[in-house]
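I have placed the structure first, in the form of structure tokens, so that the comments after it can refer back to it.
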Amino acid sequence: MRRFLILFLFTQYNWAQLSKKEILSNPYNDCARTKNLSFNKLSKLFPLNKATKIQIISFENVHRVYIDSTYREPEPFKEGIPIYDGNKLNVKKTKEVITLNFTQIAELSDLLYNYNTKTSPKYASKDRKCYEPRNGILYLNDKDEILEYIEICFSCRNYKVFTKSNLWDFCEGKMELLETFFLNNGIQFGPNFRY
């Protein structure tokens, strides 16, 4: 039984860790390396030019109920990245926080900026109804204030960008590349979650 459990956990851990080549060769993938911006050029763009720290995080998604002023039907909504005072991360409500080093920041920036939607995708993108984010990318200043962030729901391949830069787009393959990046850099909660 113990061997089976270890084998099961090993296969689950490695399931999402595909190589870039494997991810980008998937015929349903609409993502490709469309740019070749160096990190030196990227570091001059917002938010990289203002951020002193970049973190990847995981957090437990909290379900809440919103009741409108008429007290009619309650609408469920989901609380995303745990933020307080408008721009600070509430670390107590996170599961994992990894502060990236220079090499990791360069790799993440390459994924976000240089991999984008192909000019003529073969397949239409999927319409997704779910959104229960469990992960995020944070760009922080020297006071640990969040300059901008991206919430990610790996389970349904959805995201929300809270940004001023708008320099990248999200394509099918980018979600898989980011999932592998999170796993390879120590974030285990969220990337492996599937409905």
Amide H partners (placed H, <5 Å) of residue 53, local residues excluded: 140
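Going through the cross-link list 44/95; 50/164; 92/143; 44/92; 118/160, which pairs have a Cα-Cα distance over 23 Å in this structure?
Details: 44/95 31 Å; 50/164 12 Å; 92/143 18 Å; 44/92 32 Å; 118/160 21 Å.
Where the Cα-Cα span goes over 23 Å, the pairs concerned are 44/95; 44/92.
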Cut-off 12 Å, label point 7 angstrom out along Cα-to-Cβ of residue 102: give me the residues of the range 173-188 whose amide nitrogen falls inside. none
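Need the full-extension length gain, residue 144 to residue 85, defined as separation in residues times 0.36 nm minus the C-alpha distance. One decimal, nm. It would help to have the intermediate numbers written out before the result.
Details: separation 59, 0.36 × 59 = 21.24 nm, distance 1.19 nm.
Full extension of this stretch gives 20.1 nm more.
Quick check on the exposure proxy: order 171, 130 from fewest to most C-beta atoms within 10 angstrom.
Details: 171 20, 130 11.
Going from least to most buried by this count: 130, 171.
Per 0.36 nm of contour for each residue apart, how much would the distance between residue 118 and residue 131 grow if the chain were fully extended, relative to their Cα-Cα spacing? Can you show the working numbers first?
Working: separation 13, 0.36 × 13 = 4.68 nm, distance 2.47 nm.
Answer, rounded to one decimal: 2.2 nm.
Each value in this text was obtained by applying a stated rule to the coordinates, not by laboratory testing. Model, not experiment: these values are computed from the prediction. So basically every Cβ, Gly included, is an ideal-geometry build from the backbone, and we count neighbours across all protein chains shown.
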